[in-house]
Amino acid sequence: MITVQGLYHQLGGNPVLRDVSISLPSNKMTAIIGPNGAGKSTLLDVIARQSKLQQGQLYLDDQDMTQIKPQDLALRMALVSQQNGIASRIRIRDLVGFGRWPHHQGRPQAQDLDKTAEALDRFDLNGLGGRFLDEVSGGQRQRAFVAMAYCQDTDWLLLDEPLNNLDLRYATALMVQLRALSQVQSKGIAIVIHDLNYALNYADHIVALKEGQLAFEGAVSDVANSENLTGLYDTPVEVTKTEKGLFVQHHLMAAS
Amino acid sequence: MRFMRAPKPVFAILIVIMLILSGVSIFIGAGDMSWDNPNALQILMISRLPRTAAIILTGVSTAITGVIMQLLVRNKFVEPGTTGTTEAAMIGLLIVAAWMPGWPVFAKMTFAALCALIGLGIFFALARRLPAEQPLLIPLVGLIYGGILGAVATFVAYQADLMQYLGIWLTGEFSGILAGRYELLWIAGALALVTYAVADQFTIVGLGKETSLSLGLKYGQVTAIGVGAVAISSSLVVVTVGVIPFIGLVVPNIVSRAMGDNLRESLPIVACLGAVALLSADILGRVLRYPYEIPAGTVFGVIGAVVFLWLLLGRRSHA
């Protein structure tokens with residue numbers, strides 16, 4: 001379990017997160033939702049130790065995270081950040097293979113190569129292994145970075161808006177994969193996501209932020225209702241239970 | 001295992017070309033090198049071998065500092081010579097030449113490298129403030145910054161009556177290389193090997209800070225190694241042979257186009273191609289107006305500018 005207590009964070013003098021206390025359950029998928037500028041990505045960055053902890057406490061299974069060495073943390077937690085502006089020309093196979101770097105520090109063994117091959121296969125990148133990162137589409141690049149994090153083989157996987165650039169086929173495939181990883185491989189997953197239909201139907205747990213503060217947190221079945229979501233986004237949101245799952249309607253305004 | 005993925009045929013071919021060019025480089029020149037000349041061995045040991053070794057070391061080191069710089073700045077169009085690092089090293093060298101002439105060579109070099117480090121640090125601070133979506137701004141700002149530092153260097157040289165030093169450093173050439181006057185370059189060669197030892201780390205740094213941190217890399221430490229290697233190598237090259245423009249830009253860009261930026265694979269190729277390019281430029285400079293010489297830096301300046309323009313205009317989406 002990842003526990004965040006009393007977290008405050010500022011960027012350039014502006015408060016981005018104020019008194020956020022949440023917990024991300026192990027072996028479950030948590031969706032972090034909220035309007036633009038609510039501090040979702042910052043929260044993920046602080047948890048993944050991309051940004052220094054300014055005020056508050058961070059625990060990974062009751063261990064103070066600031067005391068864990070970066071090399072050791074890389075064996076327990078992987079992050080897929082929003083990729084903008086990669087200048088390097090790296091083959092997809094090599095990029096995914098770098099996910100094994102925390103394990104082998106430059107000397108790949110047989111199991112590292114096996115894991116890389118499995119990751120390429122799992123994220124449907126087999127035919128693209130030899131292609132350069134700057135010669136594939138945005139969606140293919142996105143999948144390569146997810147495959148790289150998967151290759152890192154950690155208990156925790158954090159993803160910042162991984163559905164960006166993905167068409168509906170690959171978006172659904174990715175969410176199915178992530179759900180399977182949390183259920184079959186017992187990984188804890190935290191995902192910053194805007195699409196409520198995906199969030200409510202694939203995640204187990206919801207963390208909702210608004211203007212840097214926790215709006216609500218809990219199991220999807222407890223908190224994902226029309227009132228909560230309408231209040232969160234200041235926009236009419238209607239959650240309906242259907243045979244196949246929850247359906248979130250927000251894109252059609254009521255006829256005037 | 002990690003050594004097995006380098007595309008061996010290309011590497012082998014480049015090594016062969018390098019050996020052939022080294023042979024040519026050793027046997028051309030104004031001095032008579034035929035077997036019946038009793039002084040031939042002396043010429044070989046004192047002048048020709050050191051010169052060829054200096055060319056290879058300079059080519060390798062200049063090409064590799066170019067790659068490292070490009071990965072650290074995350075921009076394909078920078079090298080120490082176009083971003084003020086060389087000029088900063090020159091200012092340092094001028095200061096010691098004018099006011100601390102009695103210092104041992106090693107202390108002078110350390111001071112020059114420190115100045116290069118400061119120059120590099122200021123350039124990094126400038127580059128970080130530029131918008132990432134305009135990749136060509138960074139090399140432009142680098143050129144302006146280098147121009148300002150160059151003007152400072154000229155002023156210092158003028159005041160200290162050391163203009164002739166500046167003239168020598170500004171045109172890289174090898175005719176003055178003799179045994180005993182180039183050995184500092186072996187340090188640059190050793191730094192190239194250090195770079196290869198941490199090639200994976202540099203490749204990951206090139207993928208960005210987020211990815212580096214997520215993989216548990218000591219981002220700051222790797223950056224420091226890179227910056228240090230660039231500062232020291234460029235100071236060493238400036239003081240021993242002078243500025244060789246464009247090698248650090250052209251060679252890495254060609255290799256990156258062909259085989260990407262995974263340094264474990266590409267660094268040996270970059271190193272060899274740097275040596276081959278500079279050997280060719282030097283040989284051309286020596287035979288064009290035989291028995292006079294055109295400086296290798298001038299020859300490569302002309303060829304490199306054309307190739308660089310072609311790379312710049314023919315570039316694809318990646319910058």
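Side notes on the structure shown:
- Matching option when the condition is more than 25 Å from A:HIS103 (Cβ to Cβ), over 19 Å from the mean Cα position of the chain (by Cα) and in contact (Cβ under 8 Å) with a residue 60 or more places away in the chain, among A:PRO35, A:PRO25, A:PRO15: A:PRO15
- Residues (touching a helix residue (DSSP H, G or I) at 6+ places or on another chain (Cβ under 6 Å) and either hydroxyl-bearing (Ser, Thr, Tyr) or not in a helix (DSSP H, G or I) (or both)) located in segment B:283-294: B:GLU293, B:ILE294
- Here A:GLY130 clears all of (1) at pLDDT below 95; (2) within 14 Å of chain B (Cβ to nearest Cβ); (3) surrounded by 16 or more Cβ atoms within 10 Å (Cβ to Cβ); (4) part of a loop (DSSP other than H, G, I, E, B) except the condition numbered (3).
- Lone qualifier among B:THR211, B:THR154, B:THR171, B:THR195 - being in contact with a helix residue (DSSP H, G or I) (Cβ under 9 Å, 6 or more places away or on another chain) and facing another protein chain (nearest Cβ under 10 Å): B:THR211
- Selection within segment A:26-59: residues that are within 14 Å of chain B (Cβ to nearest Cβ) and not in a helix (DSSP H, G or I). The member of this set that is least open to solvent (accessible area, probe 1.4 Å) is A:ALA48.
- For segment B:157-184, filtered to residues that are of a type in the set (Phe, Trp, Tyr) and outside any helix (DSSP H, G or I), the residue that is surrounded by the most Cβ atoms within 10 Å (Cβ to Cβ) is B:PHE174.
- Options B:MET90, B:MET45; residue that is more than 14 Å from every other protein chain (Cβ to nearest Cβ), closer than 30 Å to B:ASP161 by Cβ and not in a loop (DSSP other than H, G, I, E, B): B:MET90
- All positions within segment A:106-131 that are over 25 Å from the mean Cα position of the chain (by Cα) and over 16 Å from B:ASN262 (Cβ atoms): A:GLN109, A:ALA110, A:GLN111, A:GLY127
- A:VAL96 meets all of the listed conditions (1) farther than 21 Å from B:LYS218 by Cα; (2) surrounded by 23 or more Cβ atoms within 10 Å (Cβ to Cβ); (3) among the hydrophobic types (A, V, I, L, M, F, W, C) but one, namely (1).
- Enumeration of residues in segment A:202-229 that are open to solvent by 50 Å² or more (accessible area, probe 1.4 Å), free of Cβ contacts under 8 Å to residues at least 60 places away in the same chain and farther than 28 Å from A:ALA180 by Cβ: A:GLU227
- When segment B:214-245 is filtered for residues that are assigned to a loop (DSSP other than H, G, I, E, B) and within 14 Å of another protein chain (Cβ to nearest Cβ), the ones remaining, listed by number, are B:LEU215, B:GLY216, B:LEU217, B:LYS218.
- Residue match in segment B:103-117 (condition: surrounded by fewer than 24 Cβ atoms within 10 Å (Cβ to Cβ), of a type in the set (A, V, I, L, M) and more than 18 Å from the chain's Cα centre (by Cα)): yes
- Matching residues in segment A:61-72 - criterion: being over 21 Å from the mean Cα position of the chain (by Cα) and assigned to a helix (DSSP H, G or I): A:GLN67
- Filter result (among the β-branched types (Val, Ile, Thr) and outside any strand (DSSP E or B)) within segment A:162-201: A:THR172, A:VAL176, A:VAL184, A:ILE193
- Segment A:133-144: number of residues that are open to solvent by 10 Å² or more (accessible area, probe 1.4 Å) and within 13 Å of another protein chain (Cβ to nearest Cβ): 6
- Across segment A:145-169, the number of residues qualifying as over 21 Å from A:ARG49 (Cα atoms) and open to solvent by 50 Å² or more (accessible area, probe 1.4 Å) comes to 5.
- When segment A:73-118 is filtered for residues that are out of contact with any helix residue (DSSP H, G or I) (no Cβ under 9 Å at 6 or more places or on another chain), part of a helix (DSSP H, G or I) and either at the interface with chain B (Cβ under 7 Å from one of its Cβ atoms) or among the charged types (D, E, K, R) (or both), only A:ASP114 remains.
- Filtered residues of segment B:261-300 (kept if farther than 19 Å from B:GLU79 by Cβ and either within 11 Å of the chain's Cα centre (by Cα) or within 14 Å of chain A (Cβ to nearest Cβ) (or both)): B:ASN262, B:ARG264, B:GLU265
- Note on segment B:185-207: residues that are in contact (Cβ under 8 Å) with a residue 12 or more places away in the chain, open to solvent by 20 Å² or more (accessible area, probe 1.4 Å) and more than 14 Å from the chain's Cα centre (by Cα) total 4.
- Of everything in segment B:62-78 that is closer than 9 Å to B:VAL230 by Cα and of a type outside the set (Val, Ile, Thr), the residue that is nearest to the other protein chains (Cβ to nearest Cβ) is B:MET69.
- The residue list B:LEU130, B:LEU136 contains one member that is within 14 Å of another protein chain (Cβ to nearest Cβ), over 24 Å from B:LEU170 (Cβ atoms) and either touching a residue at least 12 places away in the same chain (Cβ under 8 Å) or in contact with a strand residue (DSSP E or B) (Cβ under 6 Å, 6 or more places away or on another chain) (or both), which is B:LEU136.
- Top-ranked residue of segment B:216-248 - restricted to ones that are of a type outside the set (Gly, Ala, Ser) and in contact with a Ser or Thr (Cβ under 7 Å, 6 or more places away or on another chain), ranked as surrounded by the most Cβ atoms within 10 Å (Cβ to Cβ): B:ILE244
The values are calculated or read from the model by the stated rules, or taken from the named source; none is laboratory data. Just so you know, these numbers come straight off a predicted model, no measurement behind them. So basically every Cβ, Gly included, is an ideal-geometry build from the backbone, and we count neighbours across all protein chains shown. Each accessible area value is taken on the protein alone, full model and side chains, heavy atoms only, with ligands, DNA and RNA left out. Shrake-Rupley method; radii C 1.70, N 1.55, O 1.52, S 1.80 Å.
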